[in-house]
1. Suppose every K and R has +1 on its Cβ and every D and E has -1 on its Cβ; what is the size of the dipole of the range 36-84 about the Cα centre, in Debye to the nearest 20?
2. Going down the table (LYS6/LYS26; LYS36/LYS88; LYS6/LYS30; LYS6/LYS62; LYS8/LYS62), which pairs top 27 Å between alpha carbons?
3. Which of rounded, prolate, oblate describes the chain, given a ≥ b ≥ c as roots of the alpha-carbon gyration tensor eigenvalues and a/c under 1.5 marking rounded, otherwise prolate only if a/b is larger than b/c?
4. Can you give the longest run of the chain that contains no trypsin sites (Lys or Arg not before Pro) sitting in a DSSP loop with at most 16 other Cβ atoms inside 10 Å?
5. Between 0 and 90 degrees, rounded to the nearest ten: what's the tilt of helix 40-53 against the longest Cα principal axis of the chain?
6. Please get the size of the charge dipole for the range 11-94, origin at its Cα centre, with Cβ charges of +1 on Lys and Arg and -1 on Asp and Glu, quoted in debye to the nearest 20.
7. Enumerate the aspartates and glutamates that LYS60 could reach by cross-link, defined here as Cα to Cα under 15 Å, with residues fewer than 8 away along the same chain left out.
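Read-outs: derived from the displayed coordinates by stated rules, not from any lab. This structure is a prediction, so every number in the text was calculated from the model and none was measured. Reconstructed Cβ throughout: ideal geometry from the backbone, glycine too, with neighbour counts over all protein chains shown.
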Amino acid sequence: MSTEIKVKRLFTFKAYSINEGEEVLKDAHKGEFIYKSECHYYCESTILKFIKNNLNNLDKSKKYLIYKISTEEDSNIKDLLIEQIFIKDDKIIII
């Protein structure tokens, strides 16, 4: 008989967009909220699909930032920038 155990994540991944030239903060999210997921893969995948599906109408000067954000109330854990996604030379760059 297997034992049932629950998974409780104390963080989530959130994607935001900012304009070119805006300061990118490594420990605090900023910009316009786009998407949230408990899994980094799905957050990144959603942003990449969004860019590919809207490439002709997209503001190519935008950057998309993915942060790991604590979900604990009253937590002193700062947000953590995981990656930046942007378009350069007709390629999607992920850093």
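1. That gives the range 36-84 a dipole magnitude of about 460 debye.
2. Over 27 Å apart, Cα to Cα: LYS6/LYS26; LYS6/LYS30; LYS6/LYS62; LYS8/LYS62.
3. oblate
4. My reading of the result: 31-59 is the longest stretch.
5. On a 0 to 90 degree scale, this one is about 30.
6. With Lys and Arg at +1 and Asp and Glu at -1, about 360 debye.
7. Once the sequence-local aspartates and glutamates are set aside, what remains near LYS60 is GLU20, GLU22, ASP89, ASP90.
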